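A short reminder: the numbers here are calculations on the coordinates, not readings from a lab. For clarity, every value in this text was computed on a predicted model and none was experimentally measured. Glycine also receives a Cβ, built like all others from the backbone with ideal geometry; neighbour counts cover every protein chain displayed.
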């Protein structure tokens, strides 16, 4: 297997170093380099034990599958692969290739006694194990608990021997146990950054036990092979430039290894909280069953983004109502150079289609839409354009008539309620002047309780690696609409971590973007999520305050008194 020069350097410097960190940008080949590293260790060192770990089980499974594909010579870009490793895997009649896919842990075993496992389940349950190598894939986006529960796997001294009348001082030294953290840059409040900072300082001071590799997109684009510039790079400058235009802060983090500065007390949502509540899932673009949805809209026409964010609401028997975010729609006019919002009538038309999609097929009007929340500020357009435009019955593209929507409790419409008797009362016009602080307070509360889930950060590969009930991983090819949905959710997450709280001299609190980000990033997606969190909190309160006490019919209650004697 051939490697580029920078990959060879990282590989060799990491070979016998106990504490290793690879900060490598997108498309630099972290998993591609980590896979042969683990394979070589297990093949060359007898009775070697290693673990592949990640914040989510599917990530560790994906790396394990990379090892399997390399062993089976199924990767077209690796033209010089041999079957030497594959011939060393222990096979049986039940396991013909040597790779097992148990849902709890994928594994393979070699004839020299070496075993490699991926930890797929809850990392809090993975304790009291022994390992010669812990490889943490995408460790920049993993919770601290993953490391605190698994790092002790490698604490036992690899040179320790006891028994058999052996003089341990005469035995050859063993390879040290290793911890390898691999990821692109994350934020400064993560465990990965703290290790990056600590390991780098110790390496600069000459401590041979530490090695840090910082491989940015510049190194990958200008990569050499045997000292000569390789004609085809893993990454193109055009792709980096496109990412910079779409989301500069994210691109700086993923391609230039610039850690996002976070962790201020003013930051209301920490990235770690979002990472903790993100999971690999296919975006929900329509209601395929009887799921319940709430749609939040922040309208705009010229100077802002016009956003609609749908969220699935579901009742968990353990914690009550929760919500899941997997889509966010921007009503942008792609024909315009500045990509400003489309005309308001067109926005409303698209919104009505979304309303039908999330209500689902073979469902009565808005049967599965719990509520529609619209910002009534928006320069007045929330009422004059949007709410007015939704009052009347309307006909869809198939010629089917649907009810309009009305907020009968709003001052503007409660006196005209009788004029629209057929309008559905699932609309709530939300005043930002009155409720903005309360909405963001609700967002902070719901996030702290882990009641809001997101899709995992999208890597722009065009597919997702999903794991079925049998533990088998499979690739799900994404449609263009699904890719756009994942990208929009990622932008929403960036907006959420960019919102700060500011205290005025009179003690009041407001929520807004900090001055350095005011004209660089929007807050419209974050605002719609705050609206949804506000509705979620109110829904959870209702389930408590409106809980009815079961009445007991004491007349039919059993009696334990047979007689009363005076």
Return the calculated 222 nm mean residue ellipticity for the chain, to the nearest 500 deg cm²/dmol, obtained by summing -39500 (n - 2.57) across DSSP H runs with n ≥ 4 and dividing by the residue count.
-9500 deg cm²/dmol
So the angle from the long Cα axis of helix 344-359 to the longest Cα principal axis of the chain, reported in degrees to the nearest 10, equals 70
Using Cα-Cα distances under 8 Å and only pairs 6 or more residues apart, what relative contact order does the range 271-545 have, in percent?
24
Relative contact order of the range 319-440: what whole-number percent is it, with Cα pairs under 8 angstrom and at least 6 residues apart?
21
May I have the pair-distance distribution P(r) for the chain, computed from all Cα-Cα distances with 20 Å bins from 0 and rounded to whole percent?
18, 45, 27, 9, 1, 0
Of 201-210, 500-509, 535-544, 187-196, ordering from highest average Cβ density within 10 Å down gives 187-196, 535-544, 201-210, 500-509
When only Cα pairs under 8 Å and 6 or more residues apart are kept, what is the percent relative contact order across the chain?
14
The chain: angle of helix 524-545 to the longest principal axis, Cα-based, in degrees nearest 10:
70
More than 14 Å apart - percent of Cα-Cα pairs taken over the range 168-248
76
Any chance you could run the full-extension gain for residue 209 through residue 516? It's 0.36 nm times the residue separation minus the Cα-Cα distance, nm to one decimal.
106.6 nm
Residue 502-residue 388 FRET efficiency (beta carbon distance; Förster radius 25 Å; 0.05 resolution)
0.15
Rg and Dmax of the range 271-545, Cα atoms only, in Å
18.8, 59
Rg in Å to one decimal, and Dmax rounded to a whole Å, for the range 211-357 via C-alpha atoms
20.9, 61
Using per-residue counts of other Cβ atoms within 10 Å, averaged over each peptide, order 368-375, 216-223 from highest down.
368-375, 216-223
Could you tell me what percent of the DSSP beta bridges with both partners in the chain are antiparallel, to the nearest 5?
50
Full extension between residue 198 and residue 368 adds, at 0.36 nm per residue less the Cα distance, a length in nm of 56.1 nm
Can you give the angle from 0 to 90° between the axis of helix 30-44 and the longest principal axis of the chain, with both taken from C-alpha atoms, to the nearest 10?
40
